Amino acid sequence: MADELVLEATGLRKAFGDVVAVDGVDLAVPRRGSLAIVGESGSGKTTVAKMIVGLEAPTAGTIVACGRDRSAPARGAKERRRRGGEVQIVFQDPYSSLDPRHSAVQAVDEVLRLHRPDMDKGARAARVAELGELVGLDERQLRARPRALSGGQRQRIAIARALAADPQVVILDESVAALDVSIQAQILNLLADIRERTDISYILISHDLAVVRQITDEVIVMHRGKVVERGGTADVLDHPRQPYTQLLRASVPRPGWKPARGPRATTEEGSVA
């Protein structure tokens, strides 16, 4: 069914001591859907992503993915593998999340050995080649180590590795923020193409409204741990109702915009920094 939910979170709350990072967040992602979580740094959006993927345990609330409750931490390796086969995450910096000693082939094969123990070596090699083609990496690039590749190519490896687990949901945590604009466009087109060719769903964590507009259907806007606005992406971005969303939209540089030159900072001694 087109409206079947692949992931749903209700009343998510996360407190770190006396600091409440996330407070009462609800969200739902349909199969083949794409949801953006938008907000400035410190809004709580990345903490929501970490709770969904299992890197943080909710203080309160429920998370249901693929029909199974995952609100509590996984018990044992088997449960962690199962959850990893449902939800994967791609981080902002692919270089720090890739083993510099391993080629793309080795990185993807490692995931297949963990999540697809039914595959023999030949089947895994075929699947690695298939994933390489899907993300636009040729044989030479697949054999290279991360340091020999560009940032965009490394991000393609990170995406291929996430897809190797056959997840139903992929969380993209600022996954194109560190890339040049032209490379961003290539990766975003790649992600859109993958969603067209598979049943995968995306949760995009971002502060970049242009990126959000390109690949998401729905958006929630977070401010100080709470959802302040939600709706269809185009509707929220074109006709924001809440002052905070209007401020986010107004802060996006427009054609012809030039940064203002403010006063130079001074040190405590009064000299120019």
Exercise for review: Quickly run through the range 190-209 and pick out the residues that are at pLDDT below 90 and out of contact with any Asp or Glu (no Cβ under 7 Å at 6 or more places or on another chain).
Suggested key: Leu190, Leu191, Ala192, Asp193, Ile194, Arg195, Glu196, Arg197, Thr198, Asp199, Asp208, Leu209
Check your understanding: From the list Lys14, Lys78, Lys50, which residue is in contact with an Asp or Glu (Cβ under 7 Å, 6 or more places away or on another chain) and without any contact (Cβ under 8 Å) to a residue 40 or more places away in the chain?
Key -> Lys50
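Tell me, which residue of the range 79-97 that is modelled with pLDDT of 90 or more and part of a helix (DSSP H, G or I) is nearest to the chain's Cα centre (by Cα)? Show your work before the answer.
Step one: list which residues in the range 79-97 are modelled with pLDDT of 90 or more, which gives 79-90.
Narrowing further to those that are part of a helix (DSSP H, G or I): 79-84.
Values: Glu79: 22, Arg80: 19, Arg81: 19, Arg82: 19, Arg83: 16, Gly84: 14 Å.
Only one residue tops the list, namely Gly84.
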Revision key, fill the gap. Residue hits (the range 27-65; more than 15 Å from Val227 (Cβ to Cβ), hydroxyl-bearing (Ser, Thr, Tyr), at pLDDT 95 or above and out of contact with any helix residue (DSSP H, G or I) (no Cβ under 7 Å at 6 or more places or on another chain)) are Thr59, Thr62
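When only residues in the range 1-43 that are of a type in the set (Gly, Ala, Ser) and surrounded by 18 or more Cβ atoms within 10 Å (Cβ to Cβ) count, which is nearest to Arg213 (Cα to Cα)? Please lay out each step first, then the result.
So in the range 1-43, the residues of a type in the set (Gly, Ala, Ser) come out as 2, 9, 11, 15, 17, 21, 24, 28, 33-34, 36, 39, 41-43.
Among the residues that remain, those that are also surrounded by 18 or more Cβ atoms within 10 Å (Cβ to Cβ) are: 9, 21, 33-34, 36, 39, 43.
Working: Ala9: 23, Ala21: 26, Gly33: 14, Ser34: 11, Ala36: 9, Gly39: 14, Ser43: 19 Å.
Here the answer is Ala36.
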Point to revise | Filter result for Pro100 (buried (at least 20 other Cβ atoms within 10 Å of the Cβ), more than 24 Å from Arg197 (Cα to Cα), under 23 Å from the mean Cα position of the chain (by Cα) and in contact (Cβ under 8 Å) with a residue 40 or more places away in the chain) | key: no
Review point. If you take the residues of the range 110-138 that are of a type in the set (Asp, Glu) and over 25 Å from Glu196 (Cβ atoms), which of them is surrounded by the fewest Cβ atoms within 10 Å (Cβ to Cβ)?
Key: Asp118
Exercise for review: Find the residue count for the range 17-40, including only residues that are in contact (Cβ under 8 Å) with a residue 12 or more places away in the chain, closer than 27 Å to Ser251 by Cβ and part of a strand (DSSP E or B).
Suggested key: 14
Point to revise | Pair list, Cβ < 6 Å and 6+ apart or interchain, from the range 178-192 residues that are touching a residue at least 40 places away in the same chain (Cβ under 8 Å) to residues that are in a loop (DSSP other than H, G, I, E, B) and crowded, with 16+ Cβ neighbours inside 10 Å | key: Ala178/Gln92
Review point. How many of the residues making up the range 176-225 are assigned to a strand (DSSP E or B) and either loosely packed, with under 15 Cβ neighbours inside 10 Å or not polar (S, T, N, Q) (or both)?
Key: 10
Review point. Do any residues in the range 118-130 that are over 13 Å from Val105 (Cα atoms) have Cβ atoms under 7 Å from those of residues that are part of a helix (DSSP H, G or I) and among the aliphatic types (A, V, I, L, M), where the two are at least six apart or on different chains, and which pairs are they?
Key: Met119/Leu112
Practice item. Hey, could you check the range 173-189 for residues that are aliphatic (A, V, I, L, M), under 14 Å from the mean Cα position of the chain (by Cα) and under 18 Å from Gly136 (Cα atoms) and say which is modelled with the highest pLDDT? Key: Leu188
Practice item. For Arg101, work out the one condition from (1) touching a Ser or Thr at 6+ places or on another chain (Cβ under 6 Å); (2) part of a loop (DSSP other than H, G, I, E, B) it doesn't fulfil. Key: (1)
Review point. Would you say Ala273 is at pLDDT below 90 and touching a Ser or Thr at 6+ places or on another chain (Cβ under 8 Å)?
Key: yes
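The values are calculated or read from the model by the stated rules, or taken from the named source; none is laboratory data. Source: prediction; values computed, not measured. Note: ideal-geometry Cβ built from the backbone for every residue, glycine included; neighbour counts use all protein chains shown.
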